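Below is one structure, written out as structure tokens; comments come after it.
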Amino acid sequence: MLQPKYYGEFGGAYIPEILVSTFEQLVKAFEEAKADPSFWKEYEEILSSYSCRPTPLTFAENLTRYFGGARIYVKREDLNHTGAHKANNVMGQGLLVKRMGKTRVIAETGAGQHGVATATMAARFGFECTVYMGEVDVERQSPNVFWMERLGANVVSVKAGSRILKDAMNEAMRDWAANMDNTHYVLGTASGPHPFPEMVSWFQSIIGTEARRQIMEKAGRLPTRVYACVGGGSNAMGIFSGFFDDPVELIGVEAGGKGPGSGLHASRLAYRDSTVGIAQGYKTYFLQNRDGQMNDTHSVAAGLDYIGVSPILASLRDSGRVRFEAATDNEVLDALELTVRKEGLIPALESAHAFAQAFKEAPTMKKDDIILINQSGRGDKDIFLIADALRDPAWMEFIKKKARDYGA
Ligand SMILES: *Cc1c(COP(=O)(O)O)cnc(C)c1O
């Protein structure tokens, strides 16, 4: 029998009757993998030979001097294959799919990063792969669609609803119900019905385990504060999990978009514009109106632009264990430019939210305090967005010339 897990009042598994046996099978496979040390060994082996684990910890010496407060360290999830922490989750779920004897994977994707990661994993393991993506996102994220198709994935453009991430998730769930015998749904973050929040957090916990060991080696003590950006919550759960039992302050940073009161943001926990509800198979804080209709959200970082949030983080907010803040689009672009200029690190726009909040707090902290920032991904992929936002003239000229070359 499926015993859906709750974290405080959040979580659960609100799934269609037809999928119950599939979820039972998944929970069983997950529980067996957790109890089998050889599974975690195989997981570490594939991540070290195929991705870049353990990822390094970098001391940001120039930024530390610039702010003149706490010492700043950066955990380098940007160095994973496909450019972000998403590799940890998809490779882990890929190994589970092999264990369950399934041959086909499906995924939802918004910005396309999780789609590319899943298509990569499918190519590596020889699975069939279908990726659901809202029609609006297909148009916005054409480089990622290009790579998913090269990797052999069938990209389905979803024309229902607002044609964005939440609509793609609903479509993927429908596919799963129709094809559950041979298909596994590779959910991309620590949200959704049980066991996904716990399972994805478990795979991502490798970040926190490494980071704790590395900071003890390099700095000789625990960090004072740990910062991570929060979309669905997987990279935050990953790094935080290394420090839950320590006297370390944990800060989740959400997409503040155009700021509080603007309605144009994706902050569920910091701005407190959200309410508790049940959607997409689980109970958490959603950005929704009084009738339960989901609001439109906005962020310069496509990967943080989500209406719900991990039920585990929702519960950790309510218990006070994790503090939630939001960084606005402008603060994020400033933080990104400064990080590139001072350290030669190029954080993804998502990750730059964590940097932005850390930069607000670093100057007021003591010199022997330590800040740990999770750089969840690399920003090279964001060149179109960043160059647009900075109105870079040479870039605009380059795009115009390209368009002329194609006869536009
Ligand atoms: C997808 C993504 C995120 C947001 O997802 P979480 O599940 O909240 O971690 C953050 N950073 C990067 C680089 C991403 O690709």
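Within the stretch 226-249, work out how many residues are within 12 Å of the chain's Cα centre (by Cα) and among the hydroxyl-bearing types (Ser, Thr, Tyr). Summing the residues that are within 12 Å of the chain's Cα centre (by Cα) and among the hydroxyl-bearing types (Ser, Thr, Tyr) in the stretch 226-249 gives 1.
Taken over the stretch 80-104, residues that are on the phi < 0 side of the Ramachandran plot, crowded, with 19+ Cβ neighbours inside 10 Å and within 16 Å of the ligand (Cβ to nearest atom) amount to 11.
Residues in the stretch 224-250 that are surrounded by fewer than 24 Cβ atoms within 10 Å (Cβ to Cβ) and either within 8 Å of the ligand (Cβ to nearest atom) or among the small types (Gly, Ala, Ser) (or both): Ser241 alone. For Pro37, the stated conditions do not hold, so it cannot be described as farther than 23 Å from Ala358 by Cβ, assigned by TED's automatic domain parsing to the domain that holds His184 and modelled with pLDDT under 95.
Would the stretch 37-51 turn up any residue that is free of Cβ contacts under 8 Å to residues at least 60 places away in the same chain and touching a His at 6+ places or on another chain (Cβ under 9 Å)? Checked the stretch 37-51: at least one residue is free of Cβ contacts under 8 Å to residues at least 60 places away in the same chain and touching a His at 6+ places or on another chain (Cβ under 9 Å).
Filter the stretch 251-262 down to residues that are away from the ligand (no atom under 12 Å from the Cβ) and either outside the structural domain of His353 (by TED's automatic domain parsing) or surrounded by 24 or more Cβ atoms within 10 Å (Cβ to Cβ) (or both) and give me whichever is farthest from Asp318 (Cα to Cα). Residue satisfying both the conditions and the ranking: Gly257. Within the stretch 7-24, the residues that satisfy the criterion of being over 24 Å from the mean Cα position of the chain (by Cα) and assigned to a helix (DSSP H, G or I) are Glu17, Ile18, Leu19, Val20, Ser21, Thr22, Glu24. Val27 meets the stated requirement of being part of a helix (DSSP H, G or I), crowded, with 19+ Cβ neighbours inside 10 Å, in contact (Cβ under 8 Å) with a residue 60 or more places away in the chain and not basic (Lys, Arg). In the stretch 245-254 there is at least one residue that is modelled with pLDDT of 95 or more and more than 23 Å from Ala362 (Cβ to Cβ). Taking the conditions exactly as written (in contact with a Phe, Trp or Tyr (Cβ under 9 Å, 6 or more places away or on another chain) and either within 14 Å of the ligand (Cβ to nearest atom) or under 27 Å from Phe10 (Cβ atoms) (or both)), does Ala117 satisfy them or not? Judged against the criteria, Ala117 is not a match. Considering only residues in the stretch 382-403 that are acidic (Asp, Glu) and assigned to a helix (DSSP H, G or I), the one that is surrounded by the fewest Cβ atoms within 10 Å (Cβ to Cβ) turns out to be Glu397. Of the helices (runs of 4 or more DSSP H) entirely within the stretch 155-257, those holding at least 2 residues that are under 19 Å from Thr55 (Cβ atoms), without any contact (Cβ under 8 Å) to a residue 60 or more places away in the chain and not β-branched (Val, Ile, Thr) occupy 196-219. Of the helices (runs of 4 or more DSSP H) that lie entirely inside the stretch 279-375, those containing 1 or more residues that are over 30 Å from Gly192 (Cβ atoms) span 329-343, 349-361. Picking from residues in the stretch 263-278 that are in contact (Cβ under 8 Å) with a residue 40 or more places away in the chain and assigned to a loop (DSSP other than H, G, I, E, B), the one that is surrounded by the fewest Cβ atoms within 10 Å (Cβ to Cβ) is Tyr271. What do you reckon, is Leu57 buried (at least 18 other Cβ atoms within 10 Å of the Cβ) and over 23 Å from the mean Cα position of the chain (by Cα)? So Leu57 does not fit the description; no.
The values are calculated or read from the model by the stated rules, or taken from the named source; none is laboratory data. Here the structure is a predicted model, which is why all the values come from computation and not from measurement. A quick note on method: Cβ atoms are made from the backbone with ideal geometry, for glycine too, and the neighbour counts reach across all protein chains shown.
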